[in-house]
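Below is one structure, written out as structure tokens; the observations come after it.
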Amino acid sequence: MTELGPDREAIAEADRDALLFDLGLGVFQTDVCVRSSDPVTIARLRAVAGTELLAPGNPLPPDLPALSPDRVFIGPFGRIEVSQPIPPPDGRSPEGPHTHVLPKLLAHNRTHAATVPIPDGWVPSLYLSPPAESFAAWEGLGH
């Protein structure tokens, strides 16, 4: 966990003074960060600065759903910002943009899902997925 300072590159001008924290997840193709201007959230993030987020005993991960900081993914093709609430472990993901930063998947150290046919030596940097109803329409056309 590293505090990076104000997020001057934030998409919304109102977010450019909010503090950005790199979660230090070691994901090759993107920096996984959170951003907040809430003093309570900032204090919780600062309390674990310099630690490994997913280290056993780190008190922050269970608190992240309640804190629900903005999630910011910064990669070579731009940035994605998600401000929807993070559901609790037994909750449902909201409709629309949302994130899943799951320790059991990160433990594999993969740059992509094992089922995605990326050639050896290549690294995906951006995925685009149409809504589920688009897949149904596509299949209905015989594709």
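The values are calculated or read from the model by the stated rules, or taken from the named source; none is laboratory data. Predicted model only: the values in this text are computed from it and were never measured. So basically every Cβ, Gly included, is an ideal-geometry build from the backbone, and we count neighbours across all protein chains shown. Accessible surface areas use protein heavy atoms only, side chains included; no ligands, DNA or RNA. Shrake-Rupley method; radii C 1.70, N 1.55, O 1.52, S 1.80 Å.
Using modelled amide H (1.01 Å from N, peptide plane; none on Pro or chain starts), what sits under 5 Å from the amide H of SER68, excluding residues fewer than 5 places away?
ILE86
Leaving out ligands, DNA and RNA, and with a 1.4 Å probe, what % of the accessible surface on the stretch 1-104 is carbon or sulfur? Each step should come with its number before you reach the end.
Numbers: 3570 of 6210 Å².
The C+S portion of the solvent-accessible surface of the stretch 1-104 is 57 percent.
Shape verdict for the stretch 1-100, please, from the Cα gyration tensor: rounded (a/c under 1.5), prolate (a/b greater than b/c) or oblate. Mind dumping the intermediate values first?
Details: a/c = 1.27, a/b = 1.10, b/c = 1.16.
Rounded.
Compute the length gained on full extension between SER83 and ALA14: take 0.36 nm times their separation in residues and subtract their Cα-Cα distance, giving the result in nm to one decimal.
Between SER83 and ALA14, full extension yields an extra 23.5 nm.
Label ALA43 and ASP63 with points 7 Å out from Cα along Cα→Cβ: what is the distance between them in nm?
My value for the distance between the label points is 0.9 nm.
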